[in-house]
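The values are calculated or read from the model by the stated rules, or taken from the named source; none is laboratory data. These numbers come from a predicted model, not from an experiment. Counting neighbours? That spans all protein chains shown, and the Cβs are built from the backbone with ideal geometry, glycine included.
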Amino acid sequence: MRALIDAIIAKDNPSVVGLDPKPALIPPILLNSARTVRDVAEAYFAFNIAIIDAVYDIVPAVKPQIAMYEALGPAGLDVYVRTNEYAQTRGLYVLGDIKRGDIGSTAAAYAAHIEGTPSINGVGSTDVWHEDAVTVNPYLGSDGILPFVQAANNSNKDIFVLVKTSNPSSNELQDLRVDGFAHTVATQVAELVEQWGENSRANKYGYSRVGAVVGATHPVLGAQLRTLMPHTFFLVPGYGAQGGTADDLAGLFDENGLGALINSSRGIIGAWKHTDEAETIRTELQALNLVATSARQAALAMKNDIARVRA
Ligand SMILES: O=c1ccn([C@@H]2O[C@H](COP(=O)(O)O)[C@@H](O)[C@H]2O)c(=O)[nH]1
């Protein structure tokens, strides 16, 4: 987690821009001439580049949501990878929201996302995905997670395990009482996350390579999880479009104002839609400029909003 925390401190900003493109978030003029799925994917790429160029000097990280790219098939995945690569060249930490999890042998294959492709016949391992961290799903238990932990240790990268998600029905499973009512499923996973990270805390910040996803939409539980997980950095979705506010974030930071990275996707990349100029776009260049200036403004507003509640 050291690279992420260094970047947060350097930019004095614990927020991440979610790169979740979809047709409804792209100015129509950028899609007008698209005739193939690849054309749509290339429009996503141009949109992403405009946003990255607009925010790279004020935010530490981006979080591309792979689902948006997978929806376009191979052309979309190609754009996912090129977006990641471009963001890294701009000095951004790339957190791939891929939410993988499976039995151990399959999880080991998914872990190539951060460890690189397998070496075969002298063909060395290659970092094809250009991610500095990925999100993982703990539903299968330790054998689904440990291959990712090992891959993170081997490659000096990070993972974020779903602990308490931001969506309304997260309570159906995550709030169930277990262990003689001493725990909920979420707090049980929280304990496991601390254990999974035990061997990777030896950095100046004391946070391990194993982070947790904790939704901004559960502020009371979020503050309890901060206490339960002192060595675990939080990725916090749910701010903005899902209703989470800065006040909901206060309990998620540690006493140094670190410990949490707050995500906003639609709130930043869709900010252009809420401007007066959105109605008057005439050219692709105008559209990309409006996307860029609105995203930057929204990212700065988010930074200032969070600064109010950061210790
Ligand atoms: O609990 C979770 C885990 C992941 N997400 C993802 O974060 C973004 C949120 O987008 P917004 O537009 O800011 O609502 C999206 O990629 C989700 O898949 C989450 O929301 N909650």
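Before moving on, here are some points about what is shown:
- Looking only at region 231-242, and only at residues there that are within 22 Å of Pro64 (Cα to Cα) and either more than 13 Å from the ligand (Cβ to nearest atom) or outside any loop (DSSP other than H, G, I, E, B) (or both), the one that is nearest to the chain's Cα centre (by Cα): Leu235
- Scope region 192-230; condition within 16 Å of the ligand (Cβ to nearest atom), farther than 24 Å from Leu140 by Cβ and buried (at least 23 other Cβ atoms within 10 Å of the Cβ); matching residues: Ala216, Gly222
- Scoring Glu70 on the criteria (1) within 30 Å of Ala43 (Cβ to Cβ); (2) in contact (Cβ under 8 Å) with a residue 12 or more places away in the chain; (3) acidic (Asp, Glu) leaves a single failure, condition (2).
- Checking Gly76 against (1) surrounded by fewer than 18 Cβ atoms within 10 Å (Cβ to Cβ); (2) free of Cβ contacts under 8 Å to residues at least 60 places away in the same chain, the condition it does not meet: (1)
- Selection status of Ala152, touching a strand residue (DSSP E or B) at 6+ places or on another chain (Cβ under 9 Å), surrounded by 18 or more Cβ atoms within 10 Å (Cβ to Cβ) and over 26 Å from Gly243 (Cα atoms): yes
- Residue check, Val189 closer than 20 Å to Pro64 by Cα and either at pLDDT 95 or above or part of a loop (DSSP other than H, G, I, E, B) (or both): no
- The set of residues from region 257-304 being over 19 Å from the mean Cα position of the chain (by Cα) and surrounded by 19 or more Cβ atoms within 10 Å (Cβ to Cβ) comprises Trp272, Ile281, Ala287, Leu288, Leu290, Val291, Ala292, Ser294.
- Of all the listed residues (Ala41, Ala54, Ala34, Ala107), the sole one being under 21 Å from Gly211 (Cβ atoms) and either modelled with pLDDT under 95 or of a type in the set (A, V, I, L, M, F, W, C) (or both) is Ala107.
- Residues in region 166-184 that are of a type outside the set (Ser, Thr, Tyr), loosely packed, with under 14 Cβ neighbours inside 10 Å and within 12 Å of the ligand (Cβ to nearest atom): Asn167, Pro168.
- Test: Thr245 is surrounded by fewer than 21 Cβ atoms within 10 Å (Cβ to Cβ), within 16 Å of the ligand (Cβ to nearest atom) and among the hydroxyl-bearing types (Ser, Thr, Tyr): yes
- Residues that are within 16 Å of the chain's Cα centre (by Cα) and over 14 Å from Met1 (Cα atoms), drawn from region 149-178: Leu162, Val163, Lys164, Thr165, Ser166, Asn167
- Of all residues making up region 246-281, the number that are assigned to a loop (DSSP other than H, G, I, E, B) and in contact (Cβ under 8 Å) with a residue 40 or more places away in the chain: 10
- Pairs, first over 19 Å from Arg2 (Cβ atoms) in region 205-230, second of a type in the set (A, V, I, L, M, F, W, C) and away from the ligand (no atom under 16 Å from the Cβ), C-beta under 8 Å, six or more apart: Pro219/Ala250; Ala223/Ala250; Arg226/Phe253
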